[in-house]
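In what follows, a structure is listed as structure tokens, so that the remarks can point back to it.
A short reminder: the numbers here are calculations on the coordinates, not readings from a lab. The structure displayed is predicted, hence computed values, not measured ones. Here the Cβ is made from the backbone with ideal geometry for all residues, glycine too, and neighbour counts use every protein chain on show.
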Amino acid sequence: MSQLYDRRAWIQIGGQRFIGLHLRFKVTKTLTGDANTADISVFNLSASSRAAIPAANVPVILVAGYKDATEVIFAGDVRTVDHKREGADWVTHLRAGDGEACFERAYCVKSFGPGTELSGVLDYIAGQMGISVKDAVQKIRTGGIATVVSTYLQGVSLQGRAVRELDRVTKAAGVEWSIQDGTLQLLEPGKTTNDPAVLLSPKTGLIASPDHGKPQRPGEPSYLKAKSLLNGGLRPGRAVQLDSEGHRGGQYRVQKVEHQGELDGPSWYSEVYLTPRAAST
């Protein structure tokens, strides 16, 4: 675990990047259609830097990890900014959401004719929401993600909040959606992303033994909750392989992850909620 020492973190707020300042954060990411969130405190920004940060709706990127391995922990938009004096320190407190603005303001009003492909509809909705599709829509086009519907033989009409239309279209197609760091992510039910599985073991930062938790909602499967040293590679939808006493060799999917850290404090952990990974067909 030698590579999991020497903590590093920096933050970019709008066009300003801050390196070497004390940071405290809690980031929550899920596979649900809810926006991922971040609660971040930046200590002792200069007066000019504090004054240059807009009150809201400015992009924020948080990067954290270790000397030899840092990851984007969160990318989204600032919801609120507060500057407060705490003893001898000035603390800038940011609350942010990933794609939160598009959840509230983006609408769709468009009709598509017969023969329109699902990928084109998804591309339009993502465009209205102002989020990247990266390779998600391309996978739909090439069959990399199996769907119930691939072409609308009689056409389709969209009218209403973009997030609700996205939910309606993806449910009919039999795929799951979420927004991860400003990008649309599409997965088959129970399946994982194409990223290599993250190995969680005592040698790679796993702390104690995973334990089962109650379903977060009635009817949902129970989950395994595991805690490790901060690991930005633990992202919703990614495969995890557990190697610990009582859980060896099993493949799971990250349903939810909470990253919590403080550069000069005791907290520097990731907690993941895992469900069994669906078998490949």
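At-a-glance table
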quantity: In sequence order, calculated HN-Hα J values of the range 61-70 (Karplus, 6.51, -1.76, 1.60; Hz; x Gly/Pro); calculated: 10, 10, 10, 8, x, 9, 3, 9, 7, 10
quantity: The range 44-55 - phi-based ³J(HN,Hα) in whole Hz, Karplus 6.51/-1.76/1.60, Gly and Pro as x; calculated: 6, 5, 5, 4, 5, 5, 4, 5, 7, 8, x, 5
quantity: Rel. contact order, % - alpha carbon contacts under 8 angstrom, at least six apart, the range 101-180; calculated: 44 percent
quantity: Nonlocal amide H pairs with residue 231, under 5 Å, H built at 1.01 Å; calculated: 270
quantity: Cα-based shape type of the range 1-109, given that a ≥ b ≥ c are square roots of the gyration tensor eigenvalues and the cut on a/c is 1.5; calculated: oblate
quantity: Label-to-label distance, nm, for residues given as residue 43 and residue 164 (7 Å Cα→Cβ offset); calculated: 4.6 nm
quantity: Relative contact order %, the range 129-281, counting alpha carbon pairs below 8 Å whose residues are six or more apart; calculated: 19 percent
quantity: Cα gyration tensor, the range 101-180 - rounded (a/c under 1.5), prolate or oblate; calculated: oblate
quantity: Set of the range 77-118 residues, backbone N closer than 18 Å to the point 7 Å along the Cα-Cβ line of residue 151; calculated: 112-118
quantity: Pairs of alpha carbons in the chain whose separation is greater than 26 Å (percent); calculated: 49 percent
quantity: Taking 5, 252, 152 and counting other C-beta atoms within 10 Å, the order from fewest to most; calculated: 5, 152, 252
quantity: Relative contact order (%) - the chain, alpha-carbon pairs under 8 angstrom, separation at least six; calculated: 18 percent
